[in-house]
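Comments concern the structure below.
What follows is calculated from the coordinates using simple rules that are stated; it is not laboratory data. Because the structure is predicted, anything quoted here is derived from the model rather than measured. Heads up, the Cβs are rebuilt from the backbone with ideal geometry, glycines too, and the neighbour counts pull from every protein chain shown.
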């Protein structure tokens, strides 16, 4: 499909993008392998349910929990693996995901490939979704689901670390029920750094 570059609608700046189906067919032709059509192979690995329910991917998975589908090999001989939710979006919309956009899940379920649950969105929207749903590794303080300390406890630790003569990190850690390494990370401002500026 021919289209203008992202952010431009003049029609003069044109790039050529291929759908997953076209890329797989090209790869198969180069290797002399007869792969069945991507759409056929894709849908046989989907557990379709009601139109509003998640349609779960039953094939192989990437480590992050997203489905993957083998689509041949590239020119260098490396395997072409596609994320199942991106393929679902492409098959439903008949075009490649626009450059610079991600495919986002409305259901927050990585194995889901129901096109009704998928939409194209920017990287910023993807990050905002991740933070809103508390899946972000960058969640600070008590918003981080792995936090073992409250902000008030960390403020008390900071007071202890600023006090002279300073108590040992091990004794401070024991008082608050954490390991000495956590107190060290607080002291070096590797964690809870936003509380040092108060």
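Pop a pseudo-label 7 angstrom from the Cα along the beta-carbon direction at both residue 196 and residue 92 and give the gap in nm to one decimal.
4.6
Using a basic spin-label model with each label point 7 Å from the Cα along Cα→Cβ, how many nm lie between residue 133 and residue 185?
2.4
Among rounded, prolate and oblate, which fits region 48-198 when a ≥ b ≥ c are the square roots of the eigenvalues of its C-alpha gyration tensor, a/c under 1.5 means rounded, and a/b larger than b/c means prolate?
prolate
For a test of the definition: using alpha carbon positions, the gyration tensor, and the 1.5 limit on a/c, classify region 19-132 as rounded, prolate or oblate.
Prolate, since a/c reaches 1.5 and a/b exceeds b/c.
Length gain on complete extension for the stretch residue 53 to residue 81, per 0.36 nm per residue less the alpha carbon to alpha carbon distance?
Length difference between fully extended and current span is 7.5 nm.
Classify region 31-81: rounded, prolate or oblate, from the alpha-carbon gyration tensor (a ≥ b ≥ c, eigenvalue square roots; a/c under 1.5 rounded; otherwise prolate if a/b is larger than b/c)?
Verdict is oblate for region 31-81.
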